[in-house]
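Peer 1: Okay, handing you the structure first.
The values are calculated or read from the model by the stated rules, or taken from the named source; none is laboratory data. All figures in this text were calculated on a predicted structure; none of them were measured in a lab. With ideal geometry, Cβ positions are generated from the backbone for all residues, glycine too; neighbour counts draw on all protein chains shown.
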Ligand code: TYD
Ligand code: MG
C-alpha cells in the first residue's frame, strides 16, 4: 500500500500531517496548517552518474574567505564570507536588515567584487533612494526587483560569477519546483534549496534575509535554519539606536561574537567601542544600578544592569526581566533568600540590561545581585566599581573566564575597582583594586552597610 501523502504543513514549525486540524499537534499553534503539494518521492528521470571524490588534504587556490571591510560584520561572520556559503540573516521587520546588506554589498562592490542585490519586497527605485541616503549610490552594486528563483539564478549565472548575492527576503521568493503558494514553508524551503545549489555550484556567497515571527523564530522556515551554513540575527530595541548582530550558527566561525552598530540618519555606523556607548547615559549615584564587566565572544563589554525592587500590591509578586535569563534571576533571588536572609517574596522585582543588549553569561550573577540588593536597601553602589562573578546555589562566588580582559576594559573606561571572585585578584592591572568576594553574604552586608540610616532600617527589617 502506498504511504499516505502528508499534504498539510504547519507554517510555524514545518510538521506535516495527513489531515487538516485547527491546531498543530507538534507545536500547539492554532490555524497554522495549510495544504501544500506533498514532496513525495518522484520517479528518477535519469540514472545516477559517478562523480569525482577528492582527498581531504588538498590545496584551494582562491582565498576561501572575503572580508567586506565592515569590521563589525566581518567579526561576526568569522572573518568574512566563505565562497559558496549560504548565510541567513534574521531579524524583526524594520530593524535594518536591508540597510545592513546594502552596505555590505556596496563594500564588496567598492572592493571590485561583483555584488548583486535582489529585492523581492521593494522596487528598484526604492532601493536606489535608500542607497542615496546611505551615500552608496556610486558603488557598483547590481540591483533588481525579482521573486522567481529560476529567473534569478538564470540571470546571475550570466557573466562573471558574483562574489555576493543578496536575496531580500527568502519569504518573497518562489520556485517552479514546488507547487505551493509563495510564502508557504514548502516554497521557502524549495527556494532556499535552489539558491543553495546555485551557491555551491558557482562559488558565490549568498545571503538570505528572513523575517522573524513574534516569538523570535525565523518565520515559518525554521527548516531553512538547518540547511544554511550560518544564521545571523540582527537585534535591537525599536526605541534604541543600537543594533546587535549576533551569530546563532556558523559552520565557518565562532558563534559567540557580536557586532555592534548604531542606526543613524545616514545608515548604520560601526561601534568600535561599545562599552563607552552602553555606559554613556549612566545614572551615576542612584541605587539599583551595577556595571557588569562582561565578555561577548572575544571582546570585553561593560553594561549597566538596572534593578527595581518595590513592595508588591499583588498576591504573587512580579518578576520581570529584559535582556537576561529569567531562570538565572530566579536562581539569584533564591540564593539571596536562602543564604543571605534577603527576603524578596513581598517585593516586585524588575531587572533590565541597559541599551537593549541581551546577556547570556552566568558571570552577570554578581552584578545582578548587587543591583537588586542596592535597590532594596536604597544604597547606591560605588560609581567607579564594576562587578562580575558567577553565584553558585550554595551562595559562593565562583571564578569566571577572562578576568584579566574584563579588568583591563574597566580600567580603560575609568573604573578603579572591581567586585569580583577571588581568582581575579591576581589579574588586576597596575593601579586597579579588586575587592575579592568569597560569597554573596559579604556583598549583601557591605551594600546594606552603605545604605542611608533611615532606609537601612527598612532594608534590614525586610532583609
Ligand atoms: P530596513 O533596512 O528597511 O529594515 P528591514 O529590512 O530589517 O525591515 O530599515 C528600516 C528602518 O531603518 C526604518 O525604520 C528607517 C531606519 N533607517 C534609518 O534610521 N536610517 C537610515 O539611513 C535608513 C536607510 C533606515
Ligand atoms: Mg527590508
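Conditions (1) over 29 Å from residue 34 (Cβ atoms); (2) part of a strand (DSSP E or B); (3) more than 16 Å from ligand 2 (Cβ to nearest atom); (4) modelled with pLDDT under 95, marked per residue:
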position	(1), (2), (3), (4)
136	yes, no, no, yes
139	yes, no, yes, yes
158	yes, no, yes, yes
166	no, yes, no, no
177	no, no, yes, yes
191	no, no, yes, yes
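Peer 1: Check the range 108-119 and report whether any residue there is surrounded by 21 or more Cβ atoms within 10 Å (Cβ to Cβ), within 10 Å of ligand 1 (Cβ to nearest atom) and modelled with pLDDT of 95 or more.
Peer 2: Yes, the conditions are met somewhere in the range 108-119.
Peer 1: Quick one: which of 224, 212, 188 is within 18 Å of the chain's Cα centre (by Cα), buried (at least 22 other Cβ atoms within 10 Å of the Cβ) and under 21 Å from residue 15 (Cα atoms)?
Peer 2: None of the others qualify; the one that does is 224.
Peer 1: Within the range 247-270, work out how many residues are away from ligand 1 (no atom under 15 Å from the Cβ), over 12 Å from residue 73 (Cβ atoms) and modelled with pLDDT of 85 or more.
Peer 2: 5
Peer 1: Right, here's the next one. Quick one: which residue in 126, 171 is in contact (Cβ under 8 Å) with a residue 40 or more places away in the chain, assigned to a helix (DSSP H, G or I) and within 16 Å of ligand 1 (Cβ to nearest atom)?
Peer 2: Unique residue meeting the criteria: 171.
Peer 1: Which strands (runs of 3 or more DSSP E) sit wholly inside the range 237-312 and have at least 3 residues that are more than 30 Å from residue 65 (Cα to Cα)?
Peer 2: Qualifying strands (runs of 3 or more DSSP E): 289-296, 299-311.
Conditions tested, residue by residue: (1) under 20 Å from residue 82 (Cβ atoms); (2) touching a strand residue (DSSP E or B) at 6+ places or on another chain (Cβ under 9 Å); (3) surrounded by 15 or more Cβ atoms within 10 Å (Cβ to Cβ).
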site	(1), (2), (3)
156	yes, yes, yes
165	yes, yes, yes
169	no, yes, yes
173	no, yes, yes
177	no, no, no
180	no, yes, yes
184	no, yes, yes
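Peer 1: Oh, and also: Tell me which residues, restricted to the range 358-406, are surrounded by fewer than 24 Cβ atoms within 10 Å (Cβ to Cβ), within 29 Å of the chain's Cα centre (by Cα) and within 26 Å of residue 242 (Cα to Cα).
Peer 2: Answer for the range 358-406, where residues must be surrounded by fewer than 24 Cβ atoms within 10 Å (Cβ to Cβ), within 29 Å of the chain's Cα centre (by Cα) and within 26 Å of residue 242 (Cα to Cα): 358, 359, 360, 361, 362, 385, 402, 405.
Peer 1: Any idea which of (1) over 21 Å from residue 225 (Cβ atoms); (2) modelled with pLDDT of 95 or more; (3) near ligand 2 (Cβ under 10 Å from one of its atoms) is the one residue 101 doesn't satisfy?
Peer 2: In the conditions (1) over 21 Å from residue 225 (Cβ atoms); (2) modelled with pLDDT of 95 or more; (3) near ligand 2 (Cβ under 10 Å from one of its atoms), residue 101 misses (1) alone.
Peer 1: Here is a check on your reading of the model: is residue 75 at pLDDT 90 or above and either surrounded by 12 or more Cβ atoms within 10 Å (Cβ to Cβ) or over 24 Å from residue 199 (Cα atoms) (or both)?
Peer 2: In short, yes.
Peer 1: Taking the options 309, 322, 303, name whichever one is more than 13 Å from residue 378 (Cα to Cα) and either in contact with a helix residue (DSSP H, G or I) (Cβ under 8 Å, 6 or more places away or on another chain) or surrounded by 19 or more Cβ atoms within 10 Å (Cβ to Cβ) (or both).
Peer 2: Testing whether each residue is more than 13 Å from residue 378 (Cα to Cα) and either in contact with a helix residue (DSSP H, G or I) (Cβ under 8 Å, 6 or more places away or on another chain) or surrounded by 19 or more Cβ atoms within 10 Å (Cβ to Cβ) (or both) leaves just 303.
Peer 1: Of all residues being farther than 20 Å from residue 212 by Cα and not in a loop (DSSP other than H, G, I, E, B) in the range 78-103, which is farthest from ligand 1 (Cβ to nearest atom)? Just the residue, please.
Peer 2: Per the criteria, the residue is 82.
Peer 1: Identify, please: which residue in the range 104-118 is more than 18 Å from residue 267 (Cα to Cα) and assigned to a strand (DSSP E or B) and is, among those, nearest to ligand 2 (Cβ to nearest atom)?
Peer 2: 118
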